[in-house]
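The values are calculated or read from the model by the stated rules, or taken from the named source; none is laboratory data. Keep in mind it's a predicted model, so treat the numbers as computed, not measured. All Cβ positions, glycine included, derive from the backbone under ideal geometry; neighbour counts span all protein chains shown.
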């Protein structure tokens, strides 16, 4: 495989992995506080349509990203009320959020189905982008790609090197203990959930404003679910989320691998499209085989409602 | 200050009232939605909820649409009772439809009742096979069945897409992504000459009865109920968790596969990429709204079918996208989950602490 094809594949892999990183890191924060939000797919869909519509009307993709973020926050707020205040089952509520989000976005997005956004130019970092093979993929990317790296750094620092991060993790491990020493567990869970929603919204907006600048019903196609699986696969560690996201990104652009390898085999496009979903199943099997892996790494209170006794 | 206070024991009244409250809230939400969209809320209500059932044909369409929902929801309910979360019913429906179609196409020169019988069996087995994957992975590798069954939905959609674009495409179909139309021997018999209601409705009622007997009158059903309420108690009593996972997933899968068969052998008469209209997910909502109870499932399926038909009416008469059905469905589930809180908690006014 010659170097320019390798470079293209790396480039595409990084782009494909970026929404997964953003959404999964947001999910990670929410899950670290003990909240399992299965509504990521719905939040991404709402972020995508909000981002697309606002960008189309305002001409400004960054307003679109903000709109996507706001949509994600709004959706996750609904979820947070139902799950944290009304103490409903988190799994069912997350599913409800996904169904609602995907349906609502399809409804809102109907008039936009034939619209196309102008492509946003990549931000090229001089000198570094001229490096062979890795120059283009790493240093000539969309702004949100760089954002995803900064997000990773910020979250890794936040979780493991800052006091608020420690409090967040404490809430996730034992909300009653954190609560008894004065930290308002419910409020912290709200904030973590809203952050997860914000990131899901940004991830969705990335898809519709930068990745494929159009709107199609169902364009999120399971990435929200894959992001959730990614957090499990990464055993709730930020760096592993990054690595896993790029692995999945690579699987998503498998088409390019096939073409680049020069093999002349006719693989149906549906099979290649199915690879990310099959890969998700495989990684879940791998990580879940040992019961203890998940149990040791998952936040202890994940998915359990917490009721501060008044 | 409004506070939620735990009730000494779960309120029976609220557990029946909560779905009704959720429906009312959904209706209010719908009226607000219509108003927000610049449509007259009352007219919207009439078009969406009244129009579809305003004549006998409409009522038959209601039952027709509710049929796959009843089938799937009762299968899912068996599993949900034991906390086995089959979210992939949509995919199992598709694979059941594929299997039944394969039989129909294989026998497309044949006449006789055996074709339909084989299609029913094939549909059920197809759905069960697809559900067996998450069941196997959960029992053997402890893998979360929600994510696996969900991923398989996407895989099933791609599978049917490949099939109707390729191996199962109608050779005389001008390259449209669809299979050959089924012969009469492969179509479910109609129940009347005036409408499209077919034998699948009878199957659905049968499934509800079987489901009722299983859930409330069989030992296995009892075991699953205990496992759902108190996992450790069930384990202590020696109930096999693995067997319940298999039963829970295969029942949903088989029913979904049957529903898939009823779609391709019913109004559609062929295999296309649109075997399902999100029935697999709508059935989850039906199961919840019905409190996992077959009688409730009957009524909740009719309600959900009304939401589907209402969406179609809204598209025709209010110029709204038919996906408004999905919005209503999502709202219904959300409101239900929210109002369920009142089963275990009640509102109390409390003085703020001095």
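Comparison of A:242, A:278, A:272 shows that the only residue that is at pLDDT below 90 and part of a helix (DSSP H, G or I) is A:272. The criterion of being surrounded by fewer than 21 Cβ atoms within 10 Å (Cβ to Cβ), over 14 Å from residue B:257 (Cα atoms) and within 13 Å of another protein chain (Cβ to nearest Cβ) holds for residue B:136.
Being closer than 21 Å to residue A:221 by Cβ, assigned to a loop (DSSP other than H, G, I, E, B) and away from chain B (no Cβ under 14 Å) holds for only one residue in A:119, A:55, and it is A:119. In the stretch A:70-99, of all residues being without any contact (Cβ under 8 Å) to a residue 60 or more places away in the chain, assigned to a helix (DSSP H, G or I) and at the interface with another protein chain (Cβ under 8 Å from one of its Cβ atoms), the one that is surrounded by the fewest Cβ atoms within 10 Å (Cβ to Cβ) corresponds to A:81.
Here A:9, A:21 are screened, and the one residue that is in a helix (DSSP H, G or I), in contact (Cβ under 8 Å) with a residue 12 or more places away in the chain and crowded, with 24+ Cβ neighbours inside 10 Å is A:21.
Scanning the stretch B:218-251 for residues that are farther than 23 Å from residue B:143 by Cβ and in contact with a helix residue (DSSP H, G or I) (Cβ under 8 Å, 6 or more places away or on another chain) turns up B:220, B:221, B:225, B:226, B:233, B:237.
Which ones in the stretch B:333-354 are in contact with a helix residue (DSSP H, G or I) (Cβ under 9 Å, 6 or more places away or on another chain), part of a loop (DSSP other than H, G, I, E, B) and more than 10 Å from every other protein chain (Cβ to nearest Cβ)? Break it down into steps so the answer makes sense when it comes.
Residues of the stretch B:333-354 that are in contact with a helix residue (DSSP H, G or I) (Cβ under 9 Å, 6 or more places away or on another chain), as a first pass: B:333-344, B:346.
Still in the list and also part of a loop (DSSP other than H, G, I, E, B): B:340.
Matches in the stretch B:333-354: none.
Annotation note: of B:80, B:141, the sole residue that is closer than 21 Å to residue A:95 by Cα and out of contact with any strand residue (DSSP E or B) (no Cβ under 8 Å at 6 or more places or on another chain) is B:80.
Residue-by-condition table, conditions (1) at pLDDT below 95; (2) over 24 Å from the mean Cα position of the chain (by Cα); (3) buried (at least 16 other Cβ atoms within 10 Å of the Cβ):
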position	(1), (2), (3)
B:97	no, no, yes
B:110	yes, yes, no
B:140	yes, yes, no
B:144	yes, no, yes
B:170	yes, yes, yes
B:182	yes, yes, yes
B:188	yes, no, yes
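Just one of the listed residues (B:53, B:21, B:28) is modelled with pLDDT of 85 or more and within 13 Å of residue B:307 (Cβ to Cβ), and it is B:53.
Annotation note: of B:330, B:260, B:296, the sole residue that is more than 12 Å from every other protein chain (Cβ to nearest Cβ) and surrounded by 22 or more Cβ atoms within 10 Å (Cβ to Cβ) is B:260. When A:258, A:241, A:220, A:209 are checked against the criterion of being surrounded by 21 or more Cβ atoms within 10 Å (Cβ to Cβ) and either over 23 Å from residue A:113 (Cβ atoms) or touching a strand residue (DSSP E or B) at 6+ places or on another chain (Cβ under 8 Å) (or both), a single residue qualifies: A:241. Within the stretch B:316-327, the residues that satisfy the criterion of being more than 7 Å from chain A (Cβ to nearest Cβ) and more than 17 Å from the chain's Cα centre (by Cα) are B:316, B:317, B:318, B:319, B:320, B:322.
Residues of the stretch B:1-32 that are out of contact with any helix residue (DSSP H, G or I) (no Cβ under 7 Å at 6 or more places or on another chain), farther than 23 Å from residue A:305 by Cα and within 14 Å of chain A (Cβ to nearest Cβ): B:32 alone. None of A:161, A:124 is under 30 Å from residue A:53 (Cα atoms) and either within 14 Å of chain B (Cβ to nearest Cβ) or loosely packed, with under 15 Cβ neighbours inside 10 Å (or both) except A:124. Taking the condition more than 11 Å from chain A (Cβ to nearest Cβ) and within 24 Å of residue A:104 (Cβ to Cβ), does residue B:313 pass? When the stated conditions are applied, residue B:313 passes them. For the residues B:142, B:175, B:195, the requirement of being without any contact (Cβ under 8 Å) to a residue 12 or more places away in the chain and more than 13 Å from chain A (Cβ to nearest Cβ) singles out B:175. Only one entry of B:118, B:152 meets the criterion of being in contact with a helix residue (DSSP H, G or I) (Cβ under 6 Å, 6 or more places away or on another chain), within 13 Å of chain A (Cβ to nearest Cβ), surrounded by 17 or more Cβ atoms within 10 Å (Cβ to Cβ) and assigned to a helix (DSSP H, G or I), and that entry is B:152. The numbered conditions (1) under 26 Å from residue A:101 (Cβ atoms); (2) touching a residue at least 12 places away in the same chain (Cβ under 8 Å); (3) not in a loop (DSSP other than H, G, I, E, B) are all true for residue B:315 except (2). Among the residues in the stretch B:272-280, are any more than 10 Å from every other protein chain (Cβ to nearest Cβ), outside any helix (DSSP H, G or I) and crowded, with 24+ Cβ neighbours inside 10 Å? For the stretch B:272-280, residues more than 10 Å from every other protein chain (Cβ to nearest Cβ), outside any helix (DSSP H, G or I) and crowded, with 24+ Cβ neighbours inside 10 Å: present.
Within this structure, residue A:30 passes the test of being modelled with pLDDT of 95 or more and assigned to a helix (DSSP H, G or I).
Only one of the listed residues (B:202, B:226) is more than 16 Å from the chain's Cα centre (by Cα), under 27 Å from residue B:337 (Cα atoms), without any contact (Cβ under 8 Å) to a residue 24 or more places away in the chain and part of a helix (DSSP H, G or I). That residue is B:226. From the list B:4, B:69, the lone residue that is part of a strand (DSSP E or B) and closer than 30 Å to residue B:225 by Cβ is B:4. The residues of the stretch B:176-194 that are out of contact with any helix residue (DSSP H, G or I) (no Cβ under 9 Å at 6 or more places or on another chain) and over 12 Å from residue B:271 (Cα atoms), listed by number, are B:184, B:193. The single condition among (1) within 14 Å of chain B (Cβ to nearest Cβ); (2) within 15 Å of the chain's Cα centre (by Cα) that residue A:251 does not satisfy is (2).
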